[in-house]
1. Evaluate E = 1/(1 + (r/R0)^6) for B:V13 and A:Q138, where r is the Cβ-Cβ distance and R0 equals 35 Å; express this FRET efficiency to the nearest 0.05.
2. In what order, largest first, do A:T225, B:T147 sit by accessible area if the probe radius is 1.4 Å?
3. Give a residue-ordered list of calculated ³J(HN,Hα) values for region B:44-53 (Karplus: 6.51 cos²θ - 1.76 cosθ + 1.60, θ = phi - 60°; whole Hz; x for Gly, Pro).
4. Quick one: which residues, 5+ away or cross-chain, put their amide H under 5 Å from the amide H of A:T159? H built at 1.01 Å from N.
5. Counting alpha carbon pairs within less than 8 Å and at least 6 residues apart, what relative contact order, in whole percent, applies to region A:101-259?
6. Give me the percent of the accessible area of region A:52-147 that comes from carbon and sulfur atoms, probe 1.4 Å, all protein chains in place.
7. Using Cα-Cα distances under 8 Å and only pairs 6 or more residues apart, what relative contact order does region A:171-294 have, in percent?
8. Measure up A:K25/A:K276; A:K294/A:K321; A:K78/B:K92 against 25 Å on the Cα-Cα distance and list the ones that go over.
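The values are calculated or read from the model by the stated rules, or taken from the named source; none is laboratory data. What you see is a predicted model, and the numbers here were worked out from it, not measured in a lab. We place every Cβ from the backbone using ideal geometry, glycine too, and count neighbours over all the protein chains shown. Ligands, DNA and RNA are stripped out before the accessible areas are found, and what is left, the full protein with its side chains, is counted by its heavy atoms. Shrake-Rupley method; radii C 1.70, N 1.55, O 1.52, S 1.80 Å.
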Amino acid sequence: MGSGMSGPTFNIDNGYLEGLVRGFKNGILTKNDYLNLVQCETLEDLKVHLQSTDYGTFLANEPGPLAVSVIDDKLRNKLVLEFQHLRNHSVEPLSTFLDYITYSYMIDNIVLLITGTLHQRSISELAPKCHPLGKFEQMEAIGAISTPAELYNTIIVDTPLAAFFLDCIFVQDLDEMNIEIIRNTLYKNYLEDFHAFCSGLGGITADVMCEILAFEADRRAIIITINSFGTELTKDDRAKLFPRCGRLHPEGLAALARAVDYDQVRAVADYYAEYKVLFEGAGNNPGDKTLEDKLFEHEVKLNVNSFLQQFHFGIFYSYVKLKEQEVRNVIWISECVAQRHRTKIDNYIPIY
Amino acid sequence: MGSENIISIHSQVISSIVIFLLVLTGLFFLLSDQGYRFDVGWLLLAIPPHAWAFVGVGLSISLSVVGAATGIYITGTSIIGGAVKAPRIKTKNLISIIFCEAVAIYGIIMSIVTANMVEDYDPLTVSAKQMRQNVFGGFSIFGAGLTVGLSNLFCGVCVGVVGSGAALSDAANPALFVKILIIEIFASAIGLFGVIVGILQSSNASIAPGAST
């Protein structure tokens, strides 16, 4: 674990990939690019503006009138190609680190396939909707699943997610609520495992990644709490879904488990200086940013800061997250342009 | 995680056993009034001056090369990675590689200069005065070699790390390169300090047969 992690020895295995990722990061859209995109009238204008950025002519061969879903697919494909190039060239421990990044997409894919199967959709319809970074074998075998135990035995046990699934076997049957519980339990186990892995790596990677993952854990706890108001999720069940690798553990999580409305959640967050700032100024009035937006902004800030240090793995994780945010931004702007509903077009989250 | 613990416990057990045996041996010599047999001074003088001198020459070149090599690979991989998306950095950043190479050149100059001060002598016919000169020469060449080698080792690593930062920031913003080059020049200077001290140490050294008695 110690090899390749300190300053002078990091570059033996990872120097080329670090240089490459920083090159990719330099191509992330800046505020000026977004200002140009916001002024587009049609999707064709958008395509022309994107040609002068790092994306180049990625839409050049698309037939017919552009649709937002096509732009979405192509934007995501670029990220997938770059990530797979990085993964193919990496060695341990970077390759395990990159695999951990893909597990979150695998979790999303599994939940998407189960939900789709419950609603009687066919696998061939669902397979293209899966995120390519989270592909695993046996994806097609999800069609015959009816209980979590079967799900585990036929599919999950061969994937790297097997260790995360152990708490979920006790869920009785697969309905809407229980699928969300499975998703959140898987994600909680994944986050805690990833956090432990990064702490084990030590050095600058641990410093950078543990901070980012702690914020991710706290953000999920807050969002789960707020979304569970008015549903049938009991407080005990809710407490079992909170990842414990964040700053809120243990007192904050206990208080969140007892909260019954938004103001109590805000009171819990007031004890933590970074989160207090996020709740101030967040609201649902027009002109305010929503809480989700402020959480995204904070995440972007943490990810941008991880590029300030050299010789650590955090830049790979941050690059993936920042590119995802960029895709979300461009798709938001494209939707506003396509529907000609420009009032909220400035609600993207600027990165640089 | 479990296997890592087993390995570290293993190495802790072995190292404590070794330390225990060494302490036991030392106490035995001390308490049985045989402390004089552990004679460091005798050891230093009994090693022939040739051995000291040539180990010094070897250290000077080999540690310098380790430092230069570490520096070159640290910088080189960053230049290659950064040049994929920003090809213009390729030629300018070779300056960092040249700075690292200079460190190895200091080492080889020192080793050639000091190796030329050593000649063979016959220990049976050499005069006592010449023998003192030879012993002095052996120690001073060893000291000079160690000085130059270690200082070039760390200088090379330092220039390499700074050069890597220079390449990556040049890829992001071309205006930064010249400023970071100034940092590299300072980093290079510390290797030069080692060479100066090494020359001072070995300037009066020689190992020679001398006039026969």
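1. Working: r = 45 Å, r/R0 = 1.28.
Plugging the Cβ-Cβ distance into 1/(1 + (r/R0)^6) gives 0.20.
2. On the way: A:T225 0, B:T147 40 Å².
Correct descending sequence by accessible area is B:T147, A:T225.
3. Karplus-based 3J(HN,Hα) across region B:44-53 equals 4, 7, 6, 5, x, x, 4, 5, 4, 5 Hz.
4. So A:T159 has HN proximity to no qualifying residue.
5. Details: 168 pairs, mean separation 28.9, N = 159.
Contact order relative to length: 18 percent.
6. Working: 2350 of 4530 Å².
With neighbouring chains kept in place, the figure for region A:52-147 is 52 percent.
7. On the way: 109 pairs, mean separation 23.9, N = 124.
Relative contact order, region A:171-294: 19 percent.
8. Working: A:K25/A:K276 30 Å; A:K294/A:K321 16 Å; A:K78/B:K92 30 Å.
Distance filter (> 25 Å) returns A:K25/A:K276; A:K78/B:K92.
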